[in-house]
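These notes concern the structure reproduced below.
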Amino acid sequence: MDFLKNKILLITGGTGSFGKEILKKIINTNVKKIIIFSRDEKKQEEIRDEYKNTKIKFYIGDTRDFNSIDSACKNVDYIFHAAALKQVPTCEFYPLEAIKTNILGTENVLDAAIKNKVKKVIVLSTDKAVYPINAMGLTKALAEKVMLSKSRNIKNTIFCATRYGNVMFSRGSVIPKFINQIQKKEDITITNPKMTRFMMSLDESVNLVMFAMKNGAQGDIFVQKSPATTILTLANTLKEIFKSKSKIKFIGTRHGEKEHETLVSKEEMAKIVEYQKFFKIPNDQRDCNYDIFFSKGNNKIEKVNEYNSSNTNQLNEIRLKKILLKLDNIKKCIKY
């Protein structure tokens, strides 16, 4: 991580799962300063008490307020933009709140970065932004579009994005919910047993962002090649790990849920750059010359498939168990 040497890093939503994981990974590097930007005073205090490190600076603010994020961006070199409303049900009930945070908040971060001459911004996105069917996915998709639009018109600040699948044990993810049900000896509630989800660790999410920070050009979107599993396989594997006798109860697909999630659309797969562990989706450089936009197509699109959680590498219970047992949070739950 030599690119962080003597640099100032700002993490929006820095008290969330990603922010805490990346802080753990870079605190002992030669980074000059890490600014934790969030609305959560309590979680900031917990991080302050845990680390007691003068490299970490805390900023109470909200990305919805341009002046707030603009003030925090002074002298910053790099930004990881993780602040978002991420819960599908929450965004379904309060779509305007999702618009304010996920779209307008992203625009504020990018504009503040341009104004303060930040070197690079990585916007954290989600598989739900591809072929979106719910408010969370729709707002994250538009956040990506805002990033791509601005990236076409600036030179001094580089904007990139990363897309995640299901980050295991992140806030609001299904694994903590299943474990909580197991520990309470309740039924494990599954929406659809055939539903598939990508499996990605918090550590891998940090590695993806670091790869984007180091290698991303203007407007690039990066995706990790991740394995997936069915929700039923996940529930049965957790039952095995915790020696649980909980029954599995099927409750039906919730509003706003997909059976399979997509990380790269068919249209994007036609132009990807492939690495060993990642896909790079380069920015579409077309402008508003409508003749070019509508008259010229891409024959390759018909020859490729989208990259989704049903056609990626599928994990069975044995392989999934090995992955889950490596997670620190799983180890802690087993101990207690």
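Table for the structure above
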{"read-out": "Residue that is farthest from the chain's Cα centre (by Cα), among those in the range 261-289 that are assigned to a loop (DSSP other than H, G, I, E, B) and among the hydroxyl-bearing types (S, T, Y)", "value": "Y275"}
{"read-out": "Among (1) modelled with pLDDT under 95; (2) in a loop (DSSP other than H, G, I, E, B), the one test that I292 misses", "value": "(2)"}
{"read-out": "F3 more than 19 Å from the chain's Cα centre (by Cα), modelled with pLDDT under 95, of a type in the set (F, W, Y) and surrounded by fewer than 20 Cβ atoms within 10 Å (Cβ to Cβ)", "value": "yes"}
{"read-out": "The range 146-181, residues that are aliphatic (A, V, I, L, M), touching a strand residue (DSSP E or B) at 6+ places or on another chain (Cβ under 7 Å) and in a helix (DSSP H, G or I)", "value": "M147"}
{"read-out": "Residue tally, condition surrounded by 24 or more Cβ atoms within 10 Å (Cβ to Cβ) and under 23 Å from K214 (Cβ atoms), over the range 87-117", "value": "5"}
{"read-out": "Per-region count, the range 191-201, residues in contact (Cβ under 8 Å) with a residue 60 or more places away in the chain, out of contact with any Pro (no Cβ under 9 Å at 6 or more places or on another chain) and either surrounded by 22 or more Cβ atoms within 10 Å (Cβ to Cβ) or not hydrophobic (A, V, I, L, M, F, W, C) (or both)", "value": "6"}
{"read-out": "Residue among K185, K225 that alone is surrounded by fewer than 19 Cβ atoms within 10 Å (Cβ to Cβ), touching a Phe, Trp or Tyr at 6+ places or on another chain (Cβ under 9 Å) and in contact (Cβ under 8 Å) with a residue 60 or more places away in the chain", "value": "K225"}
{"read-out": "Any hit, the range 156-164, residues being farther than 28 Å from E268 by Cα and surrounded by fewer than 21 Cβ atoms within 10 Å (Cβ to Cβ)", "value": "no"}
{"read-out": "Among (1) acidic (D, E); (2) in a helix (DSSP H, G or I); (3) more than 18 Å from the chain's Cα centre (by Cα), the one test that E186 misses", "value": "(2)"}
{"read-out": "Any chance I8 is at negative phi, touching an Asp or Glu at 6+ places or on another chain (Cβ under 9 Å) and touching a residue at least 40 places away in the same chain (Cβ under 8 Å)", "value": "yes"}
{"read-out": "Tally, over the range 144-182, of residues that are of a type in the set (S, T, N, Q) and either on the phi > 0 side of the Ramachandran plot or in contact (Cβ under 8 Å) with a residue 60 or more places away in the chain (or both)", "value": "5"}
{"read-out": "Members of the range 131-143 found to be assigned to a loop (DSSP other than H, G, I, E, B), touching a residue at least 40 places away in the same chain (Cβ under 8 Å) and not hydrophobic (A, V, I, L, M, F, W, C), listed by number", "value": "Y131, N134"}
{"read-out": "Filtered residue count, the range 11-33, keeping only those that are in contact with a strand residue (DSSP E or B) (Cβ under 8 Å, 6 or more places away or on another chain), free of Cβ contacts under 8 Å to residues at least 40 places away in the same chain and in a helix (DSSP H, G or I)", "value": "2"}
{"read-out": "Helices (runs of 4 or more DSSP H) completely within the range 34-94 that count 2 or more residues being of a type in the set (K, R)", "value": "41-51"}
{"read-out": "K128 part of a helix (DSSP H, G or I) and touching a residue at least 60 places away in the same chain (Cβ under 8 Å)", "value": "yes"}
{"read-out": "Odd one out for E45 among (1) free of Cβ contacts under 8 Å to residues at least 12 places away in the same chain; (2) under 23 Å from the mean Cα position of the chain (by Cα); (3) under 19 Å from A72 (Cβ atoms)", "value": "(2)"}
{"read-out": "N316 vs. criteria surrounded by fewer than 13 Cβ atoms within 10 Å (Cβ to Cβ), at pLDDT 95 or above and within 26 Å of K128 (Cβ to Cβ)", "value": "yes"}
{"read-out": "Single residue of K243, K258 found to be free of Cβ contacts under 8 Å to residues at least 40 places away in the same chain and part of a loop (DSSP other than H, G, I, E, B)", "value": "K243"}
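The values are calculated or read from the model by the stated rules, or taken from the named source; none is laboratory data. Given the structure is predicted, the values throughout are model-derived calculations rather than measurements. As a convention, Cβ positions derive from the backbone with ideal geometry for all residues, glycine included, and neighbour counts pool all protein chains shown.
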